[in-house]
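K.L.:
Let me begin by handing over the structure; questions about it come next.
Nothing in this text is a laboratory measurement; each read-out follows from the coordinates by a stated rule. Remember, it's a predicted structure, so these values are computed and weren't measured experimentally. Using ideal geometry, Cβ is built from the backbone for each residue, glycine included, and neighbour counts are taken over all protein chains shown.
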Amino acid sequence: MEALRAAQKPQRGTPAYSRLVNRPLGRRVAALGHTVGLTPNQATAISATLSSVGIVLLATMEPGPFAALLVPVLLASGYVMDSVDGQLARLRGGGSVSGEWLDHTVDCVKSVSLHLAVLISWYRFPPVDVDWALLVPIAYQVVDVTTFFGLILVQLLRPAGSSTSSTSREHPIRKWLLLPTDYGLVCWTFLLIAWPPLFFAGYSLLMLANAALLILALAKWWRELRAYDQQAITLGRS
């Protein structure tokens, strides 16, 4: 536990649930897993299995109290294990390129499949009596995929040696403003599937919040990359 506390990723920019709940839980599971020889890739496989079962049940089970308990517990447990693989890698002195690729690939499949499962569920068991409701999970999937791709791509396009870290103190409310983007919050939103109209409202609000935050992020990434372009032009002239 002491070694894991010293090997945590920076907290800045991390939404509240991941920072206050998921990472601390993942740290404890990682400490236990390390004592029994669990590897990072095995943790990723467990995460993928738990998430996959939860997603399949979401798509196939009729919404009700049992589904409302089972689905979020499986998804949230998978998210804890998603934190465990990275913490185990850092505990062992650093992860592998193949392990990082596996982790991100599983995250991508999970994100895409989750919204497809909502789409299938709403098609089979409409939460509200309007056809346009099916556009909501489609829009959410577009927002999630664009966010995932944009975040990964901007990291690849940043010039080597550049840093986006800030020495200024993070505003205490920031982690709460970013909460709609936290996968952990999405997991527990499925507690509402026992009350389909309420789940429809909550899920739709999350989609709109994520869309608004994506617009802000796209503008920020564009300004950042344009600044790198200007720096390259200036250096070329000099």
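K.L.:
About the Cα centre of segment 9-152, how large is the charge dipole given +1 on each Lys and Arg Cβ and -1 on each Asp and Glu Cβ? Please answer in debye to the nearest 20. Provide the component values of the computation, followed by the final result.
P.N.:
Working: 10 positive and 9 negative charges, 149 e Å.
Using Cβ point charges on Lys, Arg, Asp and Glu, segment 9-152 gives about 720 debye.
K.L.:
If you take the Cα atoms of segment 55-146, find Rg, then find the Kirkwood Rh from the mean of 1/r over all pairs, what is Rg/Rh?
P.N.:
On the way: Rg = 16.2 Å, Rh = 14.9 Å.
Across segment 55-146, the Cα-based Rg/Rh ratio is 1.08.
K.L.:
Another question about this same structure. Over the Cα atoms of the chain, what is the Rg over Rh ratio if Rh follows Kirkwood? Don't skip to the end; give the middle numbers.
P.N.:
Values: Rg = 19.5 Å, Rh = 19.4 Å.
Taking Rg over the Kirkwood Rh, I get 1.00.
K.L.:
If I fit a long axis through the Cα atoms of helix 196-237 and take the longest principal axis of the Cα atoms of the chain, what angle between them do I get, 0 to 90°, rounded to 10?
P.N.:
Between helix and principal axis, roughly 20 degrees.
K.L.:
Quick one: length gained pulling Thr49 to Arg5 fully straight, 0.36 nm per residue minus the C-alpha distance?
P.N.:
13.1 nm
K.L.:
What's the angle, to the nearest 10 degrees (0 to 90), between helix 65-91's Cα axis and the longest principal axis of the chain?
P.N.:
Helix 65-91 sits at roughly 20 degrees to that axis.
K.L.:
Which ³J(HN,Hα) values, rounded to whole Hz and listed in residue order, are derived for segment 96-113 from phi using the Karplus coefficients 6.51, -1.76 and 1.60 in 6.51 cos²θ - 1.76 cosθ + 1.60 with θ = phi - 60°, glycine and proline given as x?
P.N.:
Those phi angles translate into 9, 4, 5, x, 5, 4, 4, 4, 5, 5, 4, 4, 5, 4, 4, 5, 5, 5 Hz.
K.L.:
Going toward the positive end of the dipole of the chain, with +1 on Lys and Arg Cβ and -1 on Asp and Glu Cβ, which of Ala211, Ala16, Met1 do you reach last?
P.N.:
Looking along the dipole axis, the top candidate is Met1.
K.L.:
Could you tell me the relative contact order of the chain? Use alpha-carbon pairs under 8 Å, at least six residues apart, and round to a whole percent. Working shown, then result.
P.N.:
Values: 242 pairs, mean separation 66.7, N = 238.
Relative CO of the chain lands at 28 percent.
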